[in-house]
Amino acid sequence: MKMNIIEVEDLRKEFKSHSSRSGLQGAFRDLFTRNYKVLAAVDNISLTIKQGEMVGYIGENGAGKSTTIKMLTGILTPTSGSILVNGMNPHKEREQFVRSIGVVFGQRSQLWWDIAVQESFRLLKKVYRVSDEDYKNHMGHVIETLEIGPLLDKPVRKLSLGQRMRCELAAALIHNPPLLFLDEPTIGLDVLVKLKIRKFLKEINEQYKTTILLTTHDLTDIEALCERVILLDEGKIVYDGKLNQLQTNAVEGKQVEFQFLSELVAPPSTSPNVQWQQKNATTWLATVNGDEQMVSKVISEVVQKHPIKNVRINEISTEEIIRKIYEEGMAIS
Ligand SMILES: Nc1ncnc2c1ncn2[C@@H]1O[C@H](COP(=O)(O)OP(=O)(O)OP(=O)(O)O)[C@@H](O)[C@H]1O
């Protein structure tokens, strides 16, 4: 039985914001009683993550991802609920806790801007109280894999974004933490650097059983790394499970595009398992609810009735699936 690295129960974070009343009378009333609006950025979520899991934490802008990560790393205090990370309360056992996690926020740096990368590493090594021997063994490998050796004597401000991000990742791993929080680690990076970072994350996950919670807008990152995804919508978890399950559950079947030889004014079939959408005079798009067999049944039915110029089966990408989930607001669990 693997250990739970993260245990969250009924976690909630509310933000209060003032809302001003309109008009002179409103302004006058604001003087005496303030009007508060309460927003639950994280709305009573529960989850557990086991040692060695790589979990994608996804959702639209404003869904509450960063707020969750901030609570899990002890930067923000919850309004209510409980958090146990590496067996500790992130907020209370601060010093010991910080030494048990690694954090990379894509937008923020933990490296000192004006000094050489290796000086930052040296300082962090002291902060985390890593022995010379551990540092040499572990970081030698990290530096080699992330190919940052030639960058170590440069000041951070002289690095490109991709170079800096690789150094950030190395910095977060100086103490070889069992748990790594990555918030948009590949934002703005080119494909080659992205691939390098993914490969590296896979390696440390295999080698050290490092648990990784990854927030990203880049679903290809998720596809490459995470078996499990947690999908957040308006502060609530709307899906927690395998990525491929999300794919099969959310898309009832496939889309088939029919291009007919001549104009077609009505949907080409009346099967209840198909939703039709006309794209132009001769092209219709069928969304088929069902498996492969259903898809071929629909195709053969249509082809027999109408002369066809072209048929194309579209696999729906994860990106579209997730958009679809948002649009339809469906909870699938
Ligand atoms: N300090 C704050 N004060 C007031 N409201 C906040 C604060 N921080 C976040 N919010 C609000 O809480 C909600 C969730 O924000 P959060 O940053 O967690 O979302 P997110 O999923 O990380 O979004 P993004 O993908 O844009 O980073 C948003 O509506 C945001 O406006």
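Bear in mind that the values in this text are calculations on the coordinates, not laboratory data. Quick caveat, the model's predicted, so the values are computed rather than measured. So basically every Cβ, Gly included, is an ideal-geometry build from the backbone, and we count neighbours across all protein chains shown.
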Which of Asp240, Asp233, Asp153 has the fewest Cβ neighbours within 10 Å, and the rest in rising order: Asp153, Asp240, Asp233
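What is the antiparallel percent of DSSP beta bridges lying wholly in the chain, to the nearest 5?
Values: 41 of 60 bridges.
The antiparallel fraction comes to roughly 70 percent.
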Angle in degrees between helix 117-127 and the longest Cα principal axis of the chain, rounded to the nearest 10: 70
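Let me know the Kirkwood hydrodynamic radius for region 1-116, please, with Cα pairs as the basis and the value in Å to one decimal.
Working: mean 1/r = 0.0593 Å⁻¹.
Final number for the Kirkwood radius of region 1-116 is 16.9 Å.
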Dipole of the chain [Lys/Arg +1, Asp/Glu -1 at C-beta], most positive-end residue of Thr145, Gly23, Gly59: Gly23
Over the chain, what relative contact order in percent results from Cα pairs under 8 Å that are six or more residues apart? 18
Quick query: amide H of Asp233 versus all other amide H atoms, modeled in the peptide plane; which residues come in under 5 Å with a sequence gap of 5 or more or a different chain? Val238
Would you grab the residues whose amide H sits under 5 Å from the one on Cys226? Only those 5+ places off in sequence or on another chain, please, with H modelled 1.01 Å from N. none
J(HN,Hα) series, region 102-116, from Karplus relation 6.51 cos²θ - 1.76 cosθ + 1.60, nearest Hz, glycine and proline x: x, 10, 10, 9, x, 8, 10, 10, 10, 9, 7, 4, 9, 9, 4
What is region 252-315's relative contact order, in percent, from Cα pairs under 8 angstrom and six or more apart in sequence? 50
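From the convex hull of the Cα coordinates of the chain, what is the mean projected area in square nanometres? Working shown, then result.
Working: hull surface 100.0 nm².
Across all orientations, the chain yields a mean hull projection of 25.0 nm².
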Let me check I've understood the local charge: for Leu261, count other residues with C-beta under 14 angstrom from its C-beta, Lys and Arg +1, Asp and Glu -1. What total comes out? +1
Amide H contacts of Asp183 (H built 1.01 Å from N, under 5 Å, at least 5 apart or other chain): Val104, Phe105, Gly106, Thr215
Spelling out what I want: for every residue of region 192-201, take phi, set θ = phi - 60°, compute 6.51 cos²θ - 1.76 cosθ + 1.60 (Karplus), and round to whole Hz; glycine and proline get x. 4, 5, 4, 4, 4, 5, 4, 4, 5, 4
Helix 161-172 sits off the longest principal axis of the Cα atoms of the chain, rounded to the nearest 10 on a 0 to 90 degree scale, by 60
Short version: ³J(HN,Hα) in whole Hz for each residue of region 69-74, in order, from phi by Karplus 6.51 cos²θ - 1.76 cosθ + 1.60 (θ = phi - 60°), x for Gly and Pro, what are they? 4, 5, 6, 5, 9, x
Region 252-315: radius of gyration and largest Cα-Cα distance (Dmax), Å: 10.5, 29
Which of the lysines could a cross-linker span from Lys242 if the Cα-Cα distance has to be under 21 Å and same-chain partners fewer than 8 positions apart are dropped? Lys2, Lys50, Lys65, Lys199, Lys202, Lys209, Lys254, Lys324
Calculate how steeply helix 292-305 sits against the longest principal axis of the alpha-carbon atoms of the chain, using the helix alpha-carbon long axis, and give the answer as 0 to 90 degrees to the nearest 10. 30
What number, rounded to the nearest 500 deg cm²/dmol, is the helix-based mean residue ellipticity at 222 nm of the chain, given -39500 (n - 2.57) per DSSP H run of at least four residues and division by all its residues? -10500 deg cm²/dmol
Below 15 angstrom from the Cβ of Phe97, what's the summed charge of the other residues (Lys, Arg +1; Asp, Glu -1)? +2
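Once you mark the GluC sites (Glu not before Pro) that are in a DSSP loop and have at most 13 other Cβ atoms within 10 Å, what is the longest gap between them in the chain? Walk me through the intermediate numbers first.
Numbers: sites that count: Glu147, Glu263, Glu315.
The longest uninterrupted stretch comes out as 1-146.
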